[in-house]
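Student: Input: one structure, supplied below.
The values are calculated or read from the model by the stated rules, or taken from the named source; none is laboratory data. Everything quoted here is computed from the prediction, not taken from an experiment. Cβ: placed from backbone, ideal geometry, glycine included. Neighbour counts: every protein chain shown. Accessible surface areas use protein heavy atoms only, side chains included; no ligands, DNA or RNA. Shrake-Rupley method; radii C 1.70, N 1.55, O 1.52, S 1.80 Å.
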Amino acid sequence: MHYQPKQDLLEQRIILVTGAGDGIGREAALTYARFGAQLVLLGRTESKLQAVQAEIAAQGGAPALTVTLDLLHATQEQCQQIAGQLAAQIPRLDGVLHNAGLLGDIAPMAELSMTMWQEVMQVNVNATFMLTQALLPLLLKANAGSLVFTSSSVGRNGRANWGAYAVSKFATEGMMQVLADEYKSRNLRVNCINPGGTRTKMRASAFPHEDKNKLKTPADIMPLYLYLMGDDSRRKTGMTFDAQPNRKPGPAE
Ligand code: NDP
């Protein structure tokens, strides 16, 4: 995407990123902070969140908050409690990037264990739903809130062996569409990003044999992440965007 954001694009914005400790989420958090946003960093591993928090401070960004939460075991009560604690610390949320995700096993449907199926659904769908529900009141306090979900090419076209992960991403696209319709005449837009093959730990576990130097880095795909959080996307809702529109799904060639 050729997008040239203004340096103050996210000035005065408060943005929560899930899975902010590593991979694409880490890069998104650092990028949003560089463009002026205050960050709420949510993730599973406290030390990683603290490292991102320190990096934001070192680059002169607004002090970031951290929320440690393992989405695999998250309950509705916990999500509500977190939203309540945040409401005491911040006046609103201008943006939420649901980025945390679990790949699970790459295996034929016939061989998928029920445990794996449920874990992937819990992290990618149930926890995303519970957090969204809890954070909606804070998002609706913003003039023009932006709720962004993370999808995948296998969330639009099913592919052999991508089982629970693919189904969870179809569900994510569905959740985005339902919410976008529910809030279409309100001050909240809802969209999906498909990052496309990107050099992270998750990608390496899905495609251990590909040449990772042929993949875009998280930093390369940030223009779309910025676009969807800033005012230039204010009229877009119910849409799914490709961070790498010309990339063919599958291993890097
Ligand atoms: P990574 O595995 O590199 O990072 C995932 C992040 O999510 C980590 O910070 C991880 O925390 C966090 N996370 C995972 N499980 C949980 C959990 N149970 N509770 C809280 N946080 C959790 O993945 P990517 O950066 O590659 O992926 C980001 C998103 O992009 C995902 O939704 C993925 O499905 C999607 N995507 C990625 C593609 C790619 O090629 N990379 C392609 C298409 C979609 P911790 O650091 O503690 O492990």
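Student: Using +1 on the beta carbon of Lys and Arg, -1 on that of Asp and Glu, and nothing else charged, what's the dipole of the stretch 1-149 about the Cα centre, debye to 20? Walk me through the numbers before you get to the answer.
Tutor: Numbers: 8 positive and 12 negative charges, 100 e Å.
The dipole of the stretch 1-149 has a size of about 480 debye.
Student: Further question: Most mobile of Met175, Met109, Met239 per a Gaussian network model of the chain (Cα springs, under 10 Å)?
Tutor: Ranking Met175, Met109, Met239 by mean-square fluctuation puts Met109 first.
Student: Separation between the His2 and Ala87 pseudo-spin-labels, each 7 Å from Cα along Cα→Cβ, expressed in nm?
Tutor: 4.6 nm
Student: Wrap a convex hull around the Cα atoms of the stretch 107-148, take a quarter of its surface area, and give that in square nanometres. Can you show the working numbers first?
Tutor: Details: hull surface 14.7 nm².
Value for the stretch 107-148: 3.7 nm².
Student: If Lys and Arg each add +1 and Asp and Glu each add -1, what is the summed charge of the other residues whose beta carbon sits under 14 Å from the beta carbon of Met130? Can you show the working numbers first?
Tutor: Details: positive: none; negative: Asp70, Glu77.
Value of the local net charge: -2.
Student: Using only the heavy atoms of the protein chains and a 1.4 Å probe, how would Tyr32, Tyr3 rank by accessible area, largest first?
Tutor: Working: Tyr32 0, Tyr3 35 Å².
Highest to lowest solvent-accessible surface, that is Tyr3, Tyr32.
Student: Considering the zone a paramagnetic label at Lys201 would reach in this model (a point 7 Å from Cα along the Cα-to-Cβ line), which residues of the stretch 36-68 have amide N under 12 Å from it?
Tutor: Correct set: 44-49.
Student: Additional query: Among Gly84, Leu138, Val52, whose Cα projects farthest towards the positive end of the dipole of the chain, with charges put on the beta-carbon of Lys, Arg (+1) and Asp, Glu (-1)?
Tutor: Of the options given, the answer is Leu138.
Student: Here is a further query. Could you identify which residue out of Ala37, Ala164, Ala142 has the top mean-square fluctuation in a GNM of the chain using Cα springs shorter than 10 Å?
Tutor: Looking only at Ala37, Ala164, Ala142, the largest GNM fluctuation is found for Ala142.
Student: Let me understand the stretch 160-245 better: what is its radius of gyration from the alpha carbons, and its Dmax, in angstrom?
Tutor: Looking at the stretch 160-245, its Cα Rg and Dmax stand at 15.0, 47 Å.
Student: Stokes-Einstein diffusion coefficient for the stretch 104-239 at 20 °C in a medium of 1.002 mPa s, Rh from the Kirkwood formula over Cα pairs: what value in µm²/s? Before the final figure, lay out each step's value.
Tutor: Details: Rh = 16.2 Å.
This corresponds to a translational diffusion coefficient of 132 µm²/s.
Student: Can you show me the helix-derived [θ] at 222 nm for the chain, built from DSSP H runs with n ≥ 4 at -39,500 (n - 2.57) apiece and divided by the number of residues, rounded to the nearest 500. Don't skip to the end; give the middle numbers.
Tutor: Values: 8 runs with 94 residues, N = 253.
So the helix-based figure for the chain works out to -11500 deg cm²/dmol.
Student: With charges set only on the Cβ (+1 for Lys and Arg, -1 for Asp and Glu), what does the dipole of the stretch 6-77 come to about its Cα centre, in debye to the nearest 20?
Tutor: On the way: 6 positive and 8 negative charges, 33 e Å.
Approximately 160 debye in magnitude.
Student: Hey, any idea what % of the stretch 149-253's accessible area is carbon plus sulfur with a 1.4 Å probe? Could the numbers behind the result be given before it?
Tutor: Working: 2550 of 5230 Å².
Summing carbon and sulfur atoms, their accessible area is 49 percent of the total for the stretch 149-253.
Student: Report the calculated FRET efficiency for Asp231 and Gln80 (r = Cβ-Cβ distance, R0 = 35 Å), to the nearest 0.05. Don't skip to the answer; put the middle values down first.
Tutor: Working: r = 30 Å, r/R0 = 0.86.
It comes to 0.70.
Student: To continue, here is another question. Once you order the gyration tensor axes a ≥ b ≥ c over the Cα atoms, which shape class does the chain get: rounded for a/c under 1.5, otherwise prolate or oblate by comparing a/b with b/c?
Tutor: Values: a/c = 1.42, a/b = 1.28, b/c = 1.11.
Rounded shape, in that the Cα axes give a/c under 1.5.
Student: Solvent-accessible area per residue for the stretch 1-80 at a 1.4 Å probe radius, Å²? Can you show the working numbers first?
Tutor: Numbers: 3830 Å² over 80 residues.
So the stretch 1-80 comes to 48 Å² accessible per residue, rounded to a whole number.
Student: Extension gain Lys141-Asp70, at 0.36 nm per residue separation less the Cα-Cα distance, in nm?
Tutor: Values: separation 71, 0.36 × 71 = 25.56 nm, distance 2.63 nm.
This chain segment gains 22.9 nm when fully extended.
Student: Compute the angle between helix 163-182 and the longest alpha-carbon principal axis of the chain, please, reported from 0 to 90 degrees and rounded to the nearest 10.
Tutor: 30 degrees
Student: Here is a further query. With springs connecting C-alpha atoms under 10 Å apart, model the chain as a Gaussian network and identify which of Val167, Val178, Val96 has the largest mean-square fluctuation.
Tutor: Val178
Student: Let me ask another. With a 1.4 Å probe and all protein chains kept in place, how much accessible area does Ile14 have, in Å² rounded to the nearest 10?
Tutor: Around 10 Å² of this residue is reachable by solvent.
Student: Next question. Let's test the formula: R0 of 22 Å, r as the Cβ-Cβ distance of Met109 and Asn157. What FRET efficiency results, to the nearest 0.05? Walk me through the numbers before you get to the answer.
Tutor: Working: r = 16 Å, r/R0 = 0.71.
According to the calculation, E is roughly 0.90.
Student: Now, a different point. Please calculate the 1.4 Å probe accessible area of Arg186, with all protein chains present, and give it to the nearest 10 Å².
Tutor: The accessible area of Arg186 comes to roughly 130 Å².
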